[in-house]
Each structure stands twice: as C-alpha cells, then as structure tokens.
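Enquirer: Dumping the structure here so I can ask a few things about it.
The values are calculated or read from the model by the stated rules, or taken from the named source; none is laboratory data. All figures in this text were calculated on a predicted structure; none of them were measured in a lab. Positions of Cβ are backbone-derived with ideal geometry, glycine not excepted, and every protein chain shown enters the neighbour counts.
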Amino acid sequence: MNFLLDSPARAFVLGLGLAAIALAVWFLTGPVDPGGLISVLLRFVHVLSAMVWVGLIFFVNFIQFGVLQEADQPSRSAISKWIVPRVAAVFVHASHLVVLSGVLLLISTGYLLGDWVFASAVYMPPPRTLMLAVGALGGILMWMFVNFAIRPSLKIVLGQTASDAQAQARARGIVKRYARLNLVLALPVTFIMVAATHLS
C-alpha cells in the first residue's frame, strides 16, 4: 500500500481505478445509454478539473500570496522558482480542461447544437438555460483572466519575459488583481452551475 501512496501519480491512478470500478458496477446493473454515458464522463472530467482550478484559486489567494509576502528574500526566490511556475502550469491546464469539457457537456446534453445532436427538439427550461448561460459566461471570463492577464503577467514576474523593475511591479499587481477577481467569480459560477443542474 505504501508503494501506491508514496507517489501522488500512483495515488491518483488508484483513485481513477476505483472510479472505473464504480463505472463497471453501473454497467453491470443494467443497460447504459451511450449518450448518458458520454454526459456522465464529460461531467466527471468537468467537475474534477473545476475542483483543481478552484482549489488552486483558493491556494493562490489564501496561501501563496501570504507566504510570498511574509517570506524573506531567499525563501521568496525559492518559492518563485520551484512552486509558483508549477502551480501556474496546472492552473492554466485545468482552466483549459474546464472550458473544453464544459462546451462538450453542453453539446452532449442538448443545450448547444441540440438540433444537430438529437433527432428531435430537446426541451430546455428557460430558467435553467439562462442560469447555465450565465455560469458558462462567468467561467469563460475566468478563463480569459487566467490566459490573457495572469499568465502573461506572471511570465514578467518570474523573469521569463524581459522587463524592468517597474514592469515587474506592475505585473505583480495585475496577477494579484485578476487572481482576486477569479476568487470572486469562482463562488457564484460554482453555485449557478450546481443550481442550474439540480433545481427544477
């Protein structure tokens, strides 16, 4: 067991294997609709990647910024060299996966391109459609913050893009501002998506 738990990658694969067992049990209990299966798998990927993204939003805002502010210069340099780029890379990839799986999920459930996917019209309650549209727009806005504000500014802060001290200070401010905006939007977007799916 230690062999599996000593590595985060092996622990992740173990968890994925347990999820696959749950999926196999579902298959064994009766017939499975292919469209429903696709929707479930897409929702799983969407929720899992959103957990990673939102978790990192909280980590950056409540832990990383505070530690960087309190640390001495050698510690700050080590954090900026070893931790911040890794957090940023996972942050960016998770944001891509959330948006991609979200769009595919909207298509597979008939909210987008429903006439092309399904043989007959799919009824979508207007309140639910409106909530999903607002949630999706909020998620896309968060994705834009990550990729068009935080990511390029972070490259300046980390010295990956040539700049002077003034540009670095300005980039630090942009990173913090848009990380805070992501934190603000994470809560209502998550609530709206959950409510749109479960409220009648």
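Enquirer: S75 is checked against (1) of a type in the set (S, T, Y); (2) surrounded by 13 or more Cβ atoms within 10 Å (Cβ to Cβ); (3) assigned to a helix (DSSP H, G or I) and fails just one. What number does that condition carry?
Expert: (2)
Okay, residues lined up against (1) outside the structural domain of G102 (by TED's automatic domain parsing); (2) under 18 Å from N182 (Cβ atoms); (3) touching an Asp or Glu at 6+ places or on another chain (Cβ under 6 Å); (4) of a type outside the set (K, R):
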site	(1), (2), (3), (4)
A22	yes, no, no, yes
L42	no, no, no, yes
F62	no, yes, no, yes
F65	no, yes, no, yes
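Enquirer: Continuing with this model, one more query. On the given criteria, is V99 farther than 19 Å from V52 by Cα, among the β-branched types (V, I, T) and part of a helix (DSSP H, G or I)?
Expert: Judged against the criteria, V99 is not a match.
Enquirer: Hey, can you tell me all the residues within region 151-184 that are under 15 Å from S80 (Cα atoms) and either part of a helix (DSSP H, G or I) or among the charged types (D, E, K, R) (or both)? If you could, list the steps in order and put the result at the bottom.
Expert: As a first pass, look at region 151-184 and keep what is under 15 Å from S80 (Cα atoms): 151, 153-161, 168-169, 171-172, 175-176.
Correct list: R151, S153, L154, K155, I156, V157, Q168, A169, A171, R172, V175, K176.
Enquirer: What's the total number of residues in region 27-72 that are surrounded by fewer than 12 Cβ atoms within 10 Å (Cβ to Cβ), hydrophobic (A, V, I, L, M, F, W, C) and modelled with pLDDT under 95?
Expert: 2
Enquirer: Further question: Taking M144 as the residue in question, decide whether it is among the aliphatic types (A, V, I, L, M), surrounded by 14 or more Cβ atoms within 10 Å (Cβ to Cβ) and either outside the structural domain of W53 (by TED's automatic domain parsing) or modelled with pLDDT of 95 or more (or both).
Expert: yes
Enquirer: Further, regarding this structure: Restricting the search to region 17-72, which residues are outside any helix (DSSP H, G or I) and hydrophobic (A, V, I, L, M, F, W, C)? Lay out the reasoning, then the answer.
Expert: From region 17-72, those outside any helix (DSSP H, G or I) are 29-33, 71-72; that's our starting set.
Within region 17-72, V32, A71 meet the criteria.
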